[in-house]
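What follows is a set of notes on a single structure, which appears directly below.
The values are calculated or read from the model by the stated rules, or taken from the named source; none is laboratory data. Small disclaimer: the values here were computed from a predicted structure and weren't measured. All Cβ positions, glycine included, derive from the backbone under ideal geometry; neighbour counts span all protein chains shown.
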Amino acid sequence: MFLPEIAIAAGSLTTALTLGSAALLPQSQLFGRTLIAGNDPNEIALTYDDGPNDACTEPLLELLARHHTRATFFMIGRYVRHSPTLARQVLAAGHLIGNHTVTHPWLAWQSPARIREELRGCNQALEDALGISIHYFRPPHGARRPYVLQQAAELGLTTVQWNAMGKDWQPILPAAIVANIDRSLPRRRNRAANVLLHDGSHLVMGADRTATIAATEILLTRAANTPTRFVTVDAWT
């Protein structure tokens, strides 16, 4: 291979890696603006994906209520249709609800028609169950491309990512979930924390998220008597 060909191949690889990173890295803004967090390091948004979950969403709501804390729930449309009453409980408790697609696919690699179907279908499921308009959207796995953000914007949805995660989709203990969050907290960069957790699983209804609930209790308890304020993601728009 001649040097110019090597340079072209290297450039193509670099471009592919850059685009791949932009599709998956939650804080990348290369494909378009997404909401990450505010600038007050004392603010934390607890966000829960993949519900509503018949097994764990209600106990989580009870815990949040005891600590007078509002959170953000990004719900899967097919679970909302399965458990609309539970979705309404989340809303009645004062939490913010967002779109997390109908079936939780990797949107970055879906056809335009499938992307539209997933976003519009989830919006419809939520609006049918809750009787309100939906304004926030989190792409499953954080995966997106420009068309995903375009479709979200056309529906009036602000795309929301995160900057801290508990990795609670893994079978780990509550202390490990908290440790994962602590390692990724962006306080050193003077940013608020947008924490990704899960009250359900896109693989099955009824997933055991008791470790997530216990980790949430640790976070809420240790925040007592500190300047920490728990907010929902709409506080940053």
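Summary of values
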{"quantity": "Residue match in segment 191-212 (condition: modelled with pLDDT under 95 and under 17 Å from residue 34 (Cβ atoms))", "calculated": "yes"}
{"quantity": "Breaking point among (1) more than 19 Å from the chain's Cα centre (by Cα); (2) assigned to a loop (DSSP other than H, G, I, E, B), for residue 85", "calculated": "(2)"}
{"quantity": "Considering residues of segment 146-170 that are surrounded by fewer than 19 Cβ atoms within 10 Å (Cβ to Cβ) and charged (D, E, K, R) only, the residue nearest to residue 31 (Cα to Cα)", "calculated": "154"}
{"quantity": "Options 206, 166: the member that is within 21 Å of residue 95 (Cβ to Cβ) and within 13 Å of the chain's Cα centre (by Cα)", "calculated": "166"}
{"quantity": "For residue 81: the one exception among (1) more than 20 Å from residue 232 (Cβ to Cβ); (2) at pLDDT below 95; (3) crowded, with 17+ Cβ neighbours inside 10 Å", "calculated": "(2)"}
{"quantity": "Test: residue in segment 41-57 that is at pLDDT 95 or above and in a helix (DSSP H, G or I)", "calculated": "yes"}
{"quantity": "Criterion (of a type outside the set (A, V, I, L, M, F, W, C) and touching a Pro at 6+ places or on another chain (Cβ under 8 Å)) met by exactly one of 111, 83", "calculated": "83"}
{"quantity": "Count of residues meeting criterion [touching a Leu at 6+ places or on another chain (Cβ under 8 Å) and in a loop (DSSP other than H, G, I, E, B)] in segment 88-123", "calculated": "3"}
{"quantity": "Subset of segment 135-147 (residues that are within 27 Å of residue 88 (Cβ to Cβ) and in a loop (DSSP other than H, G, I, E, B))", "calculated": "135, 138, 139"}
{"quantity": "Residue in segment 94-112 that is surrounded by fewer than 21 Cβ atoms within 10 Å (Cβ to Cβ), within 16 Å of residue 148 (Cβ to Cβ) and in contact (Cβ under 8 Å) with a residue 60 or more places away in the chain present", "calculated": "yes"}
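Yes/no per residue for (1) part of a loop (DSSP other than H, G, I, E, B); (2) among the β-branched types (Val, Ile, Thr); (3) under 28 Å from residue 183 (Cα atoms); (4) out of contact with any Ser or Thr (no Cβ under 7 Å at 6 or more places or on another chain):
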| position | (1), (2), (3), (4) |
| --- | --- |
| 125 | no, no, no, yes |
| 133 | yes, no, no, yes |
| 149 | no, no, no, no |
| 152 | no, no, no, no |
| 168 | yes, no, yes, no |
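Condition check ((1) within 15 Å of the chain's Cα centre (by Cα); (2) surrounded by fewer than 17 Cβ atoms within 10 Å (Cβ to Cβ); (3) closer than 13 Å to residue 146 by Cα) across all residues:
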residue: 22; (1), (2), (3): no, no, yes
residue: 29; (1), (2), (3): no, yes, yes
residue: 33; (1), (2), (3): no, yes, yes
residue: 36; (1), (2), (3): yes, no, no
residue: 40; (1), (2), (3): no, yes, no
residue: 45; (1), (2), (3): yes, no, no
residue: 51; (1), (2), (3): yes, no, no
residue: 54; (1), (2), (3): no, yes, no
residue: 60; (1), (2), (3): no, no, no
